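S.K.: Quick one: this structure, given as structure tokens, is what I'll be asking you about.
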Amino acid sequence: MGAEEIVKLVRGTADPAFAIDSFGLITAWNTASEELFGLTSKEAIGQPCHEIVQGTDEAVVICSDHCGIQQALQTNRPVANFDLQIQTKLGRQWCNISVLFVTEPGSRLHHAVHIVHPREMRKRLEQLVRDFLVSHTELTTDNAVRLLSSARISTSNLTLTVREREILRLLAKGISSKAKSLPENS
């Protein structure tokens, strides 16, 4: 896939999307990215990705000139999607990022196409649930984060027992798991 095809690929989605080369420079930028970031294609193309995105993960800087995506691109190692707080025209916003690696035919030039899915409300809800779990149960922050990240898998086929549903209802009412008032259903 050549440079023109990569630009077409990026422009072919309604989601914010952009591509970077193996040097971390933006090579393609679509209209939805212009709207999300508040930068035109002319302003973004050729710029270091980390300077535009300014990604963090709960105050820890992730995007830098030593980007993990750029390193994975150079070794052609696929990357799973991930959440990142990015700088948008409206301020810092949580997004889920999917990355697709593309190689130009006849060369060793690699590009990483980033597809951005804003998810500010969902991420804030996850943080609230994490904080609730830590403050109202004996879970540590690390265990609560692991529990919530495992819950991100599809749960459409998941069924809870009657007892599990009852415990969730009681927890929602503010009764802690330590309380002796959790009645046993038999």
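The values are calculated or read from the model by the stated rules, or taken from the named source; none is laboratory data. The shown structure was predicted, so the numbers you read here are calculated from the model rather than taken from an experiment. Cβ atoms come from the backbone with ideal geometry, glycine included; neighbour counts cover every protein chain shown.
S.K.: If you go through the range 16-33, how many residues are surrounded by 14 or more Cβ atoms within 10 Å (Cβ to Cβ), in a loop (DSSP other than H, G, I, E, B) and modelled with pLDDT under 95?
M.R.: 2
S.K.: Just checking, does the range 76-91 include any residue being over 20 Å from the mean Cα position of the chain (by Cα) and over 28 Å from ASP142 (Cβ atoms)?
M.R.: Checked against the condition, which is being over 20 Å from the mean Cα position of the chain (by Cα) and over 28 Å from ASP142 (Cβ atoms), the range 76-91 yields at least one hit.
S.K.: Using the structure shown, decide if LEU73 is surrounded by 15 or more Cβ atoms within 10 Å (Cβ to Cβ), modelled with pLDDT of 90 or more and out of contact with any Leu (no Cβ under 6 Å at 6 or more places or on another chain).
M.R.: Judged against the criteria, LEU73 is not a match.
S.K.: A follow-up question, please. If a residue must be surrounded by 19 or more Cβ atoms within 10 Å (Cβ to Cβ) and outside any helix (DSSP H, G or I), how many such residues does the range 40-55 contain?
M.R.: Adding up the residues that qualify gives 1.
S.K.: Does the range 98-115 contain at least one residue that is touching a Leu at 6+ places or on another chain (Cβ under 6 Å), closer than 19 Å to ALA59 by Cβ and either among the charged types (D, E, K, R) or modelled with pLDDT of 85 or more (or both)?
M.R.: Checked the range 98-115: no residue is touching a Leu at 6+ places or on another chain (Cβ under 6 Å), closer than 19 Å to ALA59 by Cβ and either among the charged types (D, E, K, R) or modelled with pLDDT of 85 or more (or both).
S.K.: Next question, about the same structure. How many residues does the range 14-38 hold that are farther than 19 Å from GLN93 by Cβ and under 17 Å from the mean Cα position of the chain (by Cα)?
M.R.: Of the residues in the range 14-38, 1 are farther than 19 Å from GLN93 by Cβ and under 17 Å from the mean Cα position of the chain (by Cα).
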